[in-house]
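Undergrad: For reference, the structure I am asking about is given below.
Since every read-out is calculated from the coordinates, none of them should be taken as a lab result. Nothing here was measured: the structure is a model prediction, and the numbers come from that model. Don't worry about glycine lacking a Cβ; one is built from the backbone with ideal geometry, like all the others, and counts go over all protein chains shown.
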Amino acid sequence: MTKSHPAIVDLSEIEPNTRRGGDLRALLTPTTVGSTSGFMGVAIVQPGDRIAEHYHPYSEEFVYVVCGQLEVDLDGEPHPLLPEQGLMIPAHVRHRFRNVGNVEARLVFHLGPLAPSPPLGHVDTEETDAEPAAADTAHDGGHRIAERSRVGS
């Protein structure tokens, strides 16, 4: 067994992922630091932008709002999410984040445990105007588009 070592990753070292809306940057992941129990990152959401609805079949998601005014839909029900608030999203709960304020919003996210393989870790339930969601399966959180029969259920 290899011993883990502390690692520091700067936000500027991570390429922006904008395929689902917002600017998602997974900083501390199995790829970047060799983590084995989960991964952590930052989401930057501009006014009027959103992170498309999705869910995680294997992981709980922990969110902390650093700045900005967000609204999160949890299984279709909207909730305000303000700076210095935390949120725990259980596995299988559909969620979407929207910046409803007039300044940039930033939130820190952590997911754990890891899915058995990256493509199984994230299921999109809607597409964005950016790139079709099915094209992205290489990210540490794993992603795939949900079958149309799951949308809205």
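Undergrad: Using only alpha carbons, build the gyration tensor for the stretch 41-82 and give me the equivalent ellipsoid semi-axes, biggest first, whole Å.
TA: With the √(5λ) rule applied to the stretch 41-82, the semi-axes are 18, 13, 11 Å.
Undergrad: Could I ask something else about it? Compute the distance in nm between two label points, each set 7 Å from the Cα along the Cα-to-Cβ direction, one at THR36 and one at SER117.
TA: If labels sit at THR36 and SER117, their model points lie 2.1 nm apart.
Undergrad: Another question, then. On the Cα set of the stretch 19-66, report Rg and Dmax in Å, please.
TA: 12.0, 35
Undergrad: Can you give me the Cα centroid spacing of the stretch 32-82 and the stretch 103-128 in angstrom?
TA: If we compute the Cα centre of each part, the gap is 7 Å.
Undergrad: Would you mind calculating the gained length between GLU13 and HIS79 on full extension (0.36 nm times residue separation, minus the Cα-Cα distance), in nm to one decimal? Please report the intermediate quantities before stating the final value.
TA: On the way: separation 66, 0.36 × 66 = 23.76 nm, distance 3.23 nm.
Additional length available on full extension: 20.5 nm.
Undergrad: May I ask for the net charge around ARG106, where only other residues with Cβ less than 13 Å from the Cβ of ARG106 are counted and Lys, Arg are +1 while Asp, Glu are -1?
TA: Neighbourhood net charge equals -3.
Undergrad: 7 Å from Cα along Cα→Cβ at both GLU104 and GLU127: what's the point-to-point distance in nm?
TA: 3.0
Undergrad: If you stretched the chain out fully between HIS5 and CYS67, how much longer would it get, using 0.36 nm times the residue separation minus the C-alpha to C-alpha distance?
TA: So the chain would gain 19.3 nm between HIS5 and CYS67.
Undergrad: Here's something else I'd like to know. Work through the residues other than GLY86 whose Cβ is under 13 Å from its Cβ and net out their charges, Lys, Arg +1 and Asp, Glu -1.
TA: -3
Undergrad: Another question, then. Can you list, bin by bin at 5 Å, the percent of alpha carbon pairs in the stretch 1-121, starting at 0?
TA: With 5 Å bins starting at 0, P(r) equals 2, 11, 20, 25, 21, 12, 6, 2, 1, 0.
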